1. Being surrounded by fewer than 17 Cβ atoms within 10 Å (Cβ to Cβ), part of a helix (DSSP H, G or I) and out of contact with any strand residue (DSSP E or B) (no Cβ under 8 Å at 6 or more places or on another chain) narrows it down to one of Thr203, Thr183, so name that one.
2. Please find, within the range 206-233, the residue that is farthest from Ile165 (Cα to Cα) out of those that are touching a residue at least 60 places away in the same chain (Cβ under 8 Å) and open to solvent by 60 Å² or more (accessible area, probe 1.4 Å).
3. Considering only the range 206-226, state which residues are at pLDDT 85 or above and among the charged types (D, E, K, R).
4. Could you go through the range 241-255 and let me know if any residue there is under 30 Å from Ala40 (Cβ atoms) and surrounded by fewer than 12 Cβ atoms within 10 Å (Cβ to Cβ).
5. It is to be established whether one or more residues within the range 201-223 are within 30 Å of Cys102 (Cβ to Cβ) and under 28 Å from the mean Cα position of the chain (by Cα).
6. Just name the residue that is farthest from Ala52 (Cα to Cα) out of those in the range 228-249 that are modelled with pLDDT of 85 or more and charged (D, E, K, R).
7. Looking at the range 142-166, which of its residues are farther than 22 Å from Thr92 by Cβ, in contact (Cβ under 8 Å) with a residue 24 or more places away in the chain and not basic (Lys, Arg)?
8. State all residues of the range 152-165 that are open to solvent by 80 Å² or more (accessible area, probe 1.4 Å) and either modelled with pLDDT of 90 or more or aliphatic (A, V, I, L, M) (or both); if no residue qualifies, say none.
Amino acid sequence: MNRNDSLSDTEISLIDLLIFFKSAYKTIASFALFGIIGSALFLWAVPKQYEASAQIKMAQIANVNNNNNNINPLGITIEEPQALIARMALPTSYTKETIALCGLTNQKDPEALLAKKVKFSIPKGVVGTVDLKVRDTSKEIAKACINAIYQLIKTSQAQLVAPYIDEASKKLKIEEERLGRATQVIAKADKSGAAVSAAYLATRDEIRYLLDQISSLQNIITGNESRSAHLTAPIYLKEEPVSPQKRNSLLIGLMLGGLLGLVLALARKWYRSNRTALKH
């Protein structure tokens, strides 16, 4: 008996639910439509944001292996990605030219605005590389801005490398002078017939050492340009706006509108069911 009553209650509950949705579907559908209309107005009113992205390889300086005087092809990163991100977070890192290309010249405190506008991140599993993203309401400004920031990073890291290149150039000059003197000693020893003396052998070993040093220093100097900061791929600009997202905005409007309509329908049903009790 109790089981039959339970089944009867369940059937009544399902019937009530169907009756409720039959009477309330117009309200729910109307508010869902209003939600979609509201989302459409939001999409129309909010400026579209376009995103440009790039991946930058940090500048390097040649890494000389002292054991065999060979150049490590990987080089030494002149500035770690974390250090670059920390530096570019400072408003004073940006020049007036970069600010102008990013369309912020007429803004208040443009340096701080640009520091917030530029988004850096470190890709997983990639050494000495940073990802860079810039958003703007204009496709042209977004692309010009990210290129200007890349050029700024390239120039600033070239300035960091410059002292090492200058030091290598000075040392190269000294080593070349030493090589010239040692070559003259060997030439005189050959003429005098002292090609087997201890001084001759020591000078010959010194020439070999100097030649290795000069070759290493020349590689450091000449490889400077090829090891400068560079893009791993061309700048990518999305043709479609990344914000606001049309599909998500319409879906949220539909769901919120439908939910509001459901709540209103439930409140109206509750009021009608308890109207007599409320009057008393």
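1. One residue alone meets the criteria, Thr183.
2. Thr232
3. Glu206, Arg208, Asp212
4. yes
5. No; the residues of the range 201-223 include none that is within 30 Å of Cys102 (Cβ to Cβ) and under 28 Å from the mean Cα position of the chain (by Cα).
6. Looking at the filtered set, the residue picked out is Glu240.
7. The answer is Ala142, Tyr164, Ile165.
8. If the condition is that a residue be open to solvent by 80 Å² or more (accessible area, probe 1.4 Å) and either modelled with pLDDT of 90 or more or aliphatic (A, V, I, L, M) (or both), then Gln159 is the only one that fits.
The values are calculated or read from the model by the stated rules, or taken from the named source; none is laboratory data. Model, not experiment: these values are computed from the prediction. Using ideal geometry, Cβ is built from the backbone for each residue, glycine included, and neighbour counts are taken over all protein chains shown. Remember, those area values only see protein heavy atoms, side chains included, never the ligands or the DNA or RNA. Shrake-Rupley method; radii C 1.70, N 1.55, O 1.52, S 1.80 Å.
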